[in-house]
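Everything below concerns the one structure shown next.
The values are calculated or read from the model by the stated rules, or taken from the named source; none is laboratory data. Nothing here was measured: the structure is a model prediction, and the numbers come from that model. Reconstructed Cβ throughout: ideal geometry from the backbone, glycine too, with neighbour counts over all protein chains shown.
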Amino acid sequence: IRYIFAGIVVPLIMGGFFAYGSITGNARLLGHASNAMAFFVGWHYVKQGYGMLMVDAVLKRKFFNEQDKKVLLFNGYAVWLFAWLQTNAVITERQYWGLDYYTFAAPSWVTNIAVFAAAASTAATAVMLINRWRKHGGTLPYNGVVAYVVSLYAWILFVRINPLWLLVVPALHSLQYLAVVWRYQTNVERDRSDAATEPEFKVLSILGPMYRLRVLGFITVGGILGILGFWLVPIALSVLVPYNKEVFGSSLF
């Protein structure tokens, strides 16, 4: 049920929401949606950073206990919420890719609690990692720790330090995710019965055994879908579908 809701129901609701905002010319409604997107993207980055740390810990057999996991998760959520509240300290209108979006004035006492929680949890996380480092002979799952720290602080807390950095972060996030996808898909293809056989067409044998050819095909299809979904289809819709450019600018899609 969860997958049906996340994969079918939610996209339909989102499609209806954006269609309504576009048809009615309600730029402010769509602007609030951009703010909501920032909220949920931050949550997604927290989950990915934490997940990368857990994966690296398992691969290197340096497991975190339940208490340590709770510290890491609490810190992730605290930093994420503080970063989002920080951008909503005052009511203002900003731009993201040509679309105006709107922030709201969060109560100062809420932001103060959030900054205290983020600072305290950051300190607790640092102490926990140092203690683990000492306990395990000066070792940690360093790649995972770097992924966790970067996801929380460089991609969420300090993402607005420069407009160019805001544009680069999604690409870095994708590269981090691709490292896991590449390893998973490669293992899937290697487990197939004909993984080590040569391709049927001799000209393709220069690419190696079948599993490499299939991984290459997977990468190619993913690249094509990415170009279509993020660039070509939105550009085509912007050209073919009429909308009020004075209200929505040049990048509705």
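Looking across region 208-231 at every residue that is surrounded by 12 or more Cβ atoms within 10 Å (Cβ to Cβ) and of a type in the set (A, V, I, L, M, F, W, C), the one that is farthest from R192 (Cα to Cα) is identified as L228. Among all positions in region 87-100, there is no residue which is modelled with pLDDT under 95, of a type in the set (F, W, Y), within 30 Å of L30 (Cβ to Cβ) and assigned to a helix (DSSP H, G or I).
Counting only helices (runs of 4 or more DSSP H) that fall entirely inside region 179-253 and contain at least 2 residues that are out of contact with any Leu (no Cβ under 9 Å at 6 or more places or on another chain) and at pLDDT 85 or above, the qualifying elements are 210-227, 233-240.
Only residues that are under 11 Å from F248 (Cβ atoms) and assigned to a helix (DSSP H, G or I): list them for region 19-39, please.
G21, S22, A27, L30, G31
What about L129, is it hydrophobic (A, V, I, L, M, F, W, C), out of contact with any Ser or Thr (no Cβ under 8 Å at 6 or more places or on another chain), without any contact (Cβ under 8 Å) to a residue 24 or more places away in the chain and exposed (fewer than 11 other Cβ atoms within 10 Å of the Cβ)? When the stated conditions are applied, L129 does not pass them.
Tell me yes or no: at least one residue of region 120-127 is closer than 20 Å to R160 by Cα, modelled with pLDDT of 90 or more and over 20 Å from the mean Cα position of the chain (by Cα). Yes: one or more hits. Total residues in region 20-35 satisfying the condition of being touching a residue at least 40 places away in the same chain (Cβ under 8 Å) and loosely packed, with under 15 Cβ neighbours inside 10 Å: the figure is 2.
Across region 45-61, a minimum of one residue is classified as outside any helix (DSSP H, G or I) and at pLDDT below 95. Evaluate region 67-76: report whether one residue or more is more than 22 Å from the chain's Cα centre (by Cα), touching a residue at least 12 places away in the same chain (Cβ under 8 Å) and under 27 Å from Y142 (Cα atoms). Yes, the conditions are met somewhere in region 67-76.
Out of region 136-159, which residues are surrounded by fewer than 14 Cβ atoms within 10 Å (Cβ to Cβ) and under 24 Å from M37 (Cα atoms)?
F158
Any residue at all in region 160-177 that is part of a helix (DSSP H, G or I), surrounded by 16 or more Cβ atoms within 10 Å (Cβ to Cβ) and modelled with pLDDT under 85? Taking every residue of region 160-177 in turn, none turns out to be part of a helix (DSSP H, G or I), surrounded by 16 or more Cβ atoms within 10 Å (Cβ to Cβ) and modelled with pLDDT under 85. Report, ordered by the first and then the second residue, all pairs with beta carbons closer than 6 Å, sequence separation of six or more or different chains, a first member in region 220-239 that is at negative phi and of a type outside the set (A, V, I, L, M), and a second member that is outside any helix (DSSP H, G or I) and modelled with pLDDT under 90. Cβ pairs passing all conditions: P234/F253; S238/F253.
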